[in-house]
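Read through the structure below, which is laid out as structure tokens, and then see the notes.
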């Protein structure tokens, strides 16, 4: 039987080795064997299953639905019908988002002030999945996504309000010229760290993850805009660095 090492499979499919190991962890795709040195190998049967996984993934099915379809041997017509229902739901959601984004663009063009929830209400958060997985690992995305999906509409609204409050407080502190080392600013950072922990489904950001997040706030214009621009994002990054030095242990 011909086998291919994980690095070759990753290169051929465009997936990362981390993604393939994640598929293994959740039981979606197991290697044909694992060598004594830990290297994973995949045979024809595994590659055939991976082809089906990627085909269904390209259609927009979530991993949980793909696993059910493959493991339960669901008829193709049943899988396609479920996918059609998802597409119709997505179409309705996109139509709503288009309406919201048009309103947002119109308000900005007229110079109207908008809150952060209003600005981001038309953004499909799922499109950041690969970015979150790459930066902070699969667990961060899975926990956050699971937490969000399990919420009722009221709970989601409350979580969005909390997000707006936490980030608005940081924006206002930076705008006011408050010293990043000031106790008030540092308490806001502590609140922010707790919020990120909740947002990540209970996974506490360690020193490296939280420092990386502070850099992202400056480097990514989407996040900088939330905090009132590049200058404010840099001030908040400095406050986060100070808080990290005092409150998060260095690895190793």
Take the residues in region 22-58 that are within 21 Å of the chain's Cα centre (by Cα) and buried (at least 17 other Cβ atoms within 10 Å of the Cβ), then tell me which one is modelled with the lowest pLDDT. 56
Pairs, please: C-beta under 7 Å, at least 6 apart or cross-chain, first residue modelled with pLDDT of 80 or more and in region 240-252, second not in a helix (DSSP H, G or I)? 242/180; 242/181; 248/206
Is it the case, given these coordinates, that residue 24 is in contact with a helix residue (DSSP H, G or I) (Cβ under 9 Å, 6 or more places away or on another chain), under 17 Å from residue 70 (Cβ atoms) and not in a strand (DSSP E or B)? no
Could you tell me how many of the residues in region 179-197 are touching a residue at least 40 places away in the same chain (Cβ under 8 Å) and either surrounded by 14 or more Cβ atoms within 10 Å (Cβ to Cβ) or touching a strand residue (DSSP E or B) at 6+ places or on another chain (Cβ under 9 Å) (or both)? 7
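The values are calculated or read from the model by the stated rules, or taken from the named source; none is laboratory data. Given the structure is predicted, the values throughout are model-derived calculations rather than measurements. Please note: Cβ atoms are built from the backbone with ideal geometry, for glycine as well, and neighbour counts cover all protein chains shown.
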